[in-house]
Amino acid sequence: MTFPVIGVVGGGQLARMMAPAAVAMGFEIRVLAENETVSAVSAIPRAQVGDYKELETLRRFARDVDVLTFDHEHVPTRYLETLQSEGVNLHPGPKALVHAQDKLVMRAAIERLGLPNPRWAEVTDVAGVVGFGDTAGWPVVLKTPRGGYDGKGVKVLADAGEAAAAADWFDAGALLVEEKVPFSRELAVLVARSPSGEARAWPVVHTIQVDGVCDEVLAPAAELPEDVAAAAQAAGLRVASELDVTGVMAVEMFETPGTREGFMINELAMRPHNSGHWTIDGAVTSQFEQHLRAVLDLPLGDTGLIGGAAVMKNFLGGANDDLYSAYPEAMSTDPGAKVHSYGKSVRPGRKIGHINVVGQSTAELATLRKRAGRVAGIISTGRQATQETS
């Protein structure tokens with residue numbers, strides 16, 4: 001029996017980070033990359049360049065793989081439906097993936113399942129936004145149903161005047177408007193589910209966003225009531241089961257103390273996710289290994305922490321455009337920190353890598369954050385800048 005070939009649509013850092021797990025287990029991984037310079041190309045020998053918005057390109061790529069999975073959610077749903085009807089083994093399938101592709105579809109599904117959901121509405125003009133805001137209360141959050149990520153396609157509107165100024169957002173069609181949820185912090189639940197129905201969840205984590213981009217992840221979320229943590233994990237597992245998700249899924253949430261459940265669901269991502277990068281060094285089974293196990297319908301791995309706590313810190317493009325030049329200083333500063341670079345060119349504000357550090361208990365989280373932040377800062381700014389600001 002030969003080992004399987006896994007095809008990944010999209011050549012970003014998620015596809016790149018699937019490669020070590022695939023190599024370790026003996027699988028071949030191939031990537032359909034957007035161009036020759038994207039993150040995964042330098043790490044995966046069998047990378048093809050092609051447009052994922054072209055059905056024939058997808059057909060050719062799928063022809064020689066055993067399973068097709070995704071680095072992102074942007075492949076047109078109708079093409080995925082066509083591929084599935086032609087016998088391509090897709091995970092997740094289009095009926096599940098559309099809930100991560102279209103926020104209106106997602107909101108309706110969460111409501112149907114009776115899970116904690118902000119008040120929301122589909123709106124087609126400014127009058128609809130104003131009517132919602134006057135009923136639900138201002139401010140409100142306006143979102144494009146498709147294509148938004150890392151804070152893009154999201155606008156907070158304080159009043160009817162700001163809603164009127166967003167009229168051009170409706171040029172592309174209907175939008176999602178939601179109440180602005182008062183929350184204490186952001187959480188995420190990462191789950192994995194196989195086609196045969198086996199499912200596992202990692203511990204609930206605390207995510208910290210800066211300018212709409214995930215900056216840090218603290219695992220597990222400290223001082224989260226046990227009943228809230230259990231309910232959040234159960235919600236993630238139920239979403240995966242009811243929507244027939246296969247592979248890894250992230251459920252982003254708001255912690256809402258004082259509400260019945262203690263949380264509300266924000267968004268879904270049906271692929272490995274930034275909130276799970278800590279699992280590479282901090283969990284028995286990383287999200288990337290688990291995703292490959294799941295899409296191949298293999299038994300899932302243990303999702304427990306290796307220690308008692310872990311912190312992930314993203315590093316963005318900054319003053320230092322020669323990342324490797326900072327490695328000696330960064331690594332000598334903290335030999336226990338793990339550096340993960342995505343092979344991207346440096347641009348200011350661009351997410352180009354992350355640092356993981358692992359400890360023994362949540363009591364160490366503050367120290368772990370300082371350690372990860374210091375190493376990330378050295379790489380992002382360079383040694384000289386770090387010394388000048390220390």
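Observations on the model:
- Which numbered condition Ala363 misses (of (1) under 22 Å from Arg16 (Cα atoms); (2) out of contact with any strand residue (DSSP E or B) (no Cβ under 6 Å at 6 or more places or on another chain); (3) free of Cβ contacts under 8 Å to residues at least 60 places away in the same chain): (1)
- Residue match in the range 257-266 (condition: out of contact with any strand residue (DSSP E or B) (no Cβ under 8 Å at 6 or more places or on another chain) and either of a type in the set (Lys, Arg) or without any contact (Cβ under 8 Å) to a residue 12 or more places away in the chain (or both)): yes
- Selected residue (only one of Ala108, Ala43 is touching a residue at least 24 places away in the same chain (Cβ under 8 Å) and either surrounded by 15 or more Cβ atoms within 10 Å (Cβ to Cβ) or not aromatic (Phe, Trp, Tyr) (or both)): Ala43
This table checks each residue for (1) farther than 26 Å from Phe263 by Cα; (2) surrounded by fewer than 19 Cβ atoms within 10 Å (Cβ to Cβ).
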{"position": "Leu68", "(1), (2)": "yes, no"}
{"position": "His74", "(1), (2)": "yes, yes"}
{"position": "Leu83", "(1), (2)": "yes, no"}
{"position": "Leu97", "(1), (2)": "no, no"}
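- Considering Val248, Val228, Val239, the condition of being over 22 Å from Ser184 (Cα atoms) and free of Cβ contacts under 8 Å to residues at least 60 places away in the same chain is satisfied by Val248 alone.
- Evaluation of Asp321 against (1) in a loop (DSSP other than H, G, I, E, B); (2) crowded, with 18+ Cβ neighbours inside 10 Å (one fails), failing number: (2)
- Residue count for the range 192-210, restricted to those that are assigned to a loop (DSSP other than H, G, I, E, B) and surrounded by fewer than 17 Cβ atoms within 10 Å (Cβ to Cβ): 3
- Ile355 vs. criteria touching a helix residue (DSSP H, G or I) at 6+ places or on another chain (Cβ under 7 Å), surrounded by fewer than 18 Cβ atoms within 10 Å (Cβ to Cβ) and over 19 Å from Gly247 (Cα atoms): no
- Scope the range 254-270; condition over 17 Å from Thr207 (Cβ atoms) and among the β-branched types (Val, Ile, Thr); matching residues: Thr259
- Residue satisfying all of: in the range 56-66; surrounded by fewer than 15 Cβ atoms within 10 Å (Cβ to Cβ) and touching a residue at least 24 places away in the same chain (Cβ under 8 Å); nearest to Val9 (Cα to Cα) among these: Arg59
- Residues in the range 211-218 include none that are assigned to a helix (DSSP H, G or I) and in the same structural domain as Lys313 (by TED's automatic domain parsing).
To keep it simple, each residue is scored yes or no on (1) more than 17 Å from the chain's Cα centre (by Cα); (2) at pLDDT 95 or above.
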residue	(1), (2)
Ala230	yes, yes
Ser241	yes, yes
Thr246	no, yes
Thr256	yes, yes
Arg260	yes, no
Phe263	yes, yes
Trp278	no, yes
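- Residue in the range 90-106 that is over 30 Å from Ala62 (Cβ atoms) and outside the structural domain of Asp66 (by TED's automatic domain parsing) present: no
- Answer from Glu86, Glu73, Glu34 - the residue that is acidic (Asp, Glu) and in contact (Cβ under 8 Å) with a residue 40 or more places away in the chain: Glu73
- Residues considered: Arg260, Arg271. Of these, the only one that is assigned to a loop (DSSP other than H, G, I, E, B) and touching an Asp or Glu at 6+ places or on another chain (Cβ under 7 Å) is Arg271.
- Any hit, the range 289-302, residues being under 17 Å from Met106 (Cα atoms), in the same structural domain as Leu365 (by TED's automatic domain parsing) and either touching a residue at least 40 places away in the same chain (Cβ under 8 Å) or among the aromatic types (Phe, Trp, Tyr) (or both): no
- Scope the range 118-133; condition within 14 Å of Glu179 (Cβ to Cβ) and without any contact (Cβ under 8 Å) to a residue 24 or more places away in the chain; matching residues: Gly131
- Checking each residue of the range 189-209 against the condition of being within 17 Å of the chain's Cα centre (by Cα) and on the phi > 0 side of the Ramachandran plot gives no match.
- Of the residues making up the range 153-191, those that are in a loop (DSSP other than H, G, I, E, B) and over 19 Å from Lys103 (Cβ atoms) number 4.
The values are calculated or read from the model by the stated rules, or taken from the named source; none is laboratory data. Worth saying up front: this structure is predicted, and the values here are computed from it rather than measured. Neighbour counts are summed over all protein chains in view; Cβ atoms, including those assigned to glycine, are modelled from backbone coordinates with ideal geometry.
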